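Some notes on the structure that comes next.
The values are calculated or read from the model by the stated rules, or taken from the named source; none is laboratory data. Keep in mind it's a predicted model, so treat the numbers as computed, not measured. Cβ atoms come from the backbone with ideal geometry, glycine included; neighbour counts cover every protein chain shown. Side chains included, ligands, DNA and RNA excluded: accessible areas come from the protein's heavy atoms. Shrake-Rupley method; radii C 1.70, N 1.55, O 1.52, S 1.80 Å.
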Amino acid sequence: MTAPLTADAHEYGLVGDGTADDGPALQKLVDALGDATAGDGRPRTVRVPAGRYLIRDKPVLWRSGVSLVGAGRGATCFALTNPGAPTQPVPLAWFTTAQHGAGRDHHVADVTFAHFEIDGLGVETEEYEVLAKGLGLQYVLRGRFSDLWIHDTAATGFGCDFLQDTVVEGVLTERCGRQDPGEKMGGAGIGIGVGGWGPVERLAVTDCTARGNGTNGIFLELQQDDWVPPRGIRLTACHAEDNRYGISDWGADGLLVTGCTMLGNHVAGFDVSAQGTTSVGGRGGLVTGCVIDGNAGDGIALGNTPGPYGFHGNRVSNNGRYGYWEHNLSGGDQEPATDIVLESNDIHDNALDGIRVDAPLHEPAIFGNRIRGNGRRAAPEAHGGGEGVHCGPLSLTDERADWLPGGHRGKELTIGGEPGGAEVTAEAAAEAAADATAEVTAVVTDNTATRLTLAPLRPGAGTAWPDGTPGPGTAYRLPDSPAPRAGLTAAAAVTHPYVHGNRVRDDGHPRTQIHAVWIAPEATWTGGRVSGNDFSGNGSASTRFDSAPSGGRWRDNAG
């Protein structure tokens, strides 16, 4: 076979009719072009016209210097399937350490993957298989991944590790991690292992979208715990929505996250923790100019990090629990996080505390933030059923209710069983009991006076209900709200904090942010300076000290 610099896939045996297995022809072409590149040092490109190209039962082993370029998303589609190999993961392209000996001195270089779709719906393994990805390459040098649409893979969609001098741009991942229940490794939209190239990995991820993926929308994960967390990684203008976690830093150093949106994710919008394979959290990162809104759990969840970490100029709002949550998971770093900075953020209308500290902090700096109107989960318990109650795929409506708007945000709704409460008439109770179902739960993301909006059952799902939408009149109940709910709560050891120039208040009707600052009984607050803040206008007293601060200076705080 001759080896031109640009090869038309149809001229080398690929059919693209959605029926023929195009994998063997593509493998033969990649090998031929890879051999030619190894011989003369000149990279080659496979151009793939519009069509649906089946890759059946066996992935394509990729080679250095071979690029794959389609005719556009939705025009050129690679459909992955494994009907004859139910234990075999079938990424479109793979080259890994475990299977192929990939490493710093044995890598894939000078490759572009651009302008095509990967449909992973046809791959179903007998057990969850972390390698059942869309793309699964390790140790890539001078790579470019551009304008790709990867969807419905059994595991991670874009699952490429150790990317040096590489750009990932305009990659859309949807409903990946289809076989991942949400708690296994992989299963992300874009999952990038880091650390293999050493202390610096020069990687830019920009203008990518991750929606409805089983675990993370986008995550960086240190792959061996004895490796140095790498610097040099940037995420810019990305969007993460309806994933388990939006964007996660599980082991980078100095990750830059700029101008991103993290909306409607199930556990947290932005996450730093020990969830990754090495139980190493990120450190030294900066998150700036992002919108972190409407996540079912926390807006920012930060833990298992020695610090520092900085959050500057972000909007953190309407989340179902805390706006910012400092915590540590077991199994990861438990030492106090040092030099955490929260500056000029707008932290508002979150369900519970605006900022919650449940793990030790040393010398945090919290200044210039607007922390307002949090504690929105202020509605009392409620229950009902019968006439006027009906459900949609992502909602429950009670026409007789008069709930505080946003007051059930983040609560767990229970439906089924028998209705209760004095406000339920005997006729309504009888009607609901006739249609009583087994109890199921769903998470409330927001509510009006009569309608609850619910989170999907799992990322990518179109319904909150595991067994179909409940019928009219179904019984439901909502728990009571916790208190107190503060702008800033310390429930762990805080040493030498600098809290200055913040506006921590609530101008709503009613005021749901009960205190500006609450130091809980289990907390210690030692030294530091709290000055020049506006603590006035909260639902109760400006401060509540169940554990008195020790040393330091508190002065010039309004309220």
Quiz prompt | Length gained when the stretch Asp31-His312 is fully extended (0.36 nm per residue, less Cα-Cα span) | solution = 96.3 nm
Self-check item: Dipole of segment 250-351, positive end: most advanced residue of Asn265, Gly307, Asn319 [Cβ charges, Cα centre]
Solution: Asn265
Quiz item: Rg (Å, one decimal) plus Dmax (Å, integer) for the alpha carbons of segment 1-73?
Solution: 11.7, 36
Exercise. Report the normalised scattering of the chain as log10 I(q)/I(0) at q = 0.06, 0.08 Å⁻¹, calculated by the Debye formula with identical scatterers on the alpha carbons.
Key: -0.35, -0.59
Self-check item: Amide H contacts under 5 Å for Thr215, placed H, 5+ residues apart
Solution: Ala188, Gly189, Arg244
Quiz item: How much net charge surrounds Arg211 when only other residues with a Cβ under 10 Å from its Cβ are counted (Lys, Arg +1; Asp, Glu -1)?
Solution: -2
Quiz item: Which far-off residues, 5 or more places away or on another chain, put their amide H under 5 Å from the one on Ile150, with H placed in the peptide plane?
Solution: Ile118, Leu172, Thr173, Glu174
Quiz item: Once phi is turned into θ = phi - 60°, what whole-Hz ³J(HN,Hα) does the Karplus curve with 6.51, -1.76 and 1.60 give for every residue of segment 296-302, x standing for Gly and Pro?
Solution: 5, x, 8, x, 10, 10, 10
Self-check item: Taking segment 427-556 and dividing mean pair separation by its residue count, relative contact order in percent (alpha carbons under 8 Å, at least six apart)
Solution: 20 percent
Quiz item: Of all accessible surface on the chain at a 1.4 Å probe, what whole percent is carbon and sulfur?
Solution: 50 percent
Quiz item: Counting only the backbone N, which residues of segment 517-559 are under 18 Å from the spot 7 Å out from the Cα of Arg511 toward its beta-carbon?
Solution: 517-519, 533-545, 557-559
Practice problem: Name the aspartates and glutamates eligible as straight-distance cross-link partners of Lys184: C-alpha to C-alpha under 12 Å, and not fewer than 8 places from it in the same chain. | Solution: Glu127, Glu129
Quiz item: Can you list the lysines whose alpha carbon is less than 25 Å from that of Lys28, not counting same-chain residues fewer than 8 positions off?
Solution: Lys58, Lys133
Exercise. Compute the acute angle (0 to 90°) between the alpha-carbon long axis of helix 23-40 and the principal axis of greatest extent of the alpha-carbon atoms of the chain; round to the nearest 10°.
Key: 70 degrees
Quiz item: Quick one: of the DSSP bridges fully inside the chain, what percent are antiparallel, nearest 5?
Solution: 10 percent
Quiz item: For segment 428-559, with every protein chain kept in place, what is the accessible area per residue (1.4 Å probe, Å²)?
Solution: 44 Å²
Exercise. Express in nm, to one decimal, how much length is gained between Ala541 and Arg234 on full extension, taking 0.36 nm for each residue of separation and deducting their alpha carbon distance.
Key: 106.3 nm
Quiz item: How long is the gain from Ala20 to Thr469 if the chain were fully straight, where each residue apart is worth 0.36 nm and the alpha carbon distance is subtracted?
Solution: 157.6 nm
Quiz item: If you average the sequence gap of Cα pairs under 8 Å that are 6 or more apart and divide by the length of segment 50-142, what percent do you get for the contact order?
Solution: 37 percent
Self-check item: Phi-based couplings in Hz for segment 550-557 (Karplus 6.51, -1.76, 1.60; Gly and Pro marked x)
Solution: 10, x, x, 9, 10, 7, 6, 9
Quiz item: About its Cα centre, what dipole magnitude does the chain give when the only charges are +1 on Lys and Arg Cβ and -1 on Asp and Glu Cβ, stated in debye to the nearest 20?
Solution: 1380 debye
Quiz item: From the phi of every residue in segment 255-262, what ³J(HN,Hα) in whole Hz does the Karplus formula 6.51 cos²θ - 1.76 cosθ + 1.60 yield, where θ is phi - 60° and glycine or proline is x?
Solution: 4, 9, 10, 9, x, 9, 10, 10
Self-check item: Rounded, prolate or oblate (a/c below 1.5 giving rounded, otherwise prolate when a/b exceeds b/c) for segment 455-559 by Cα gyration tensor
Solution: prolate
Quiz item: Magnitude of the Cβ-charge dipole of segment 33-179, K/R +1 and D/E -1, about the Cα centre, nearest 20 debye?
Solution: 380 debye
Quiz item: Counting only residues 5 or more places away or on other chains, whose amide H sits under 5 Å from the amide H of Gly276 once H atoms are built in the peptide plane?
Solution: none
Quiz item: What number, in nm² with one decimal, is the all-direction average of the projected area of the convex hull of the alpha-carbon atoms of segment 14-132?
Solution: 7.3 nm²
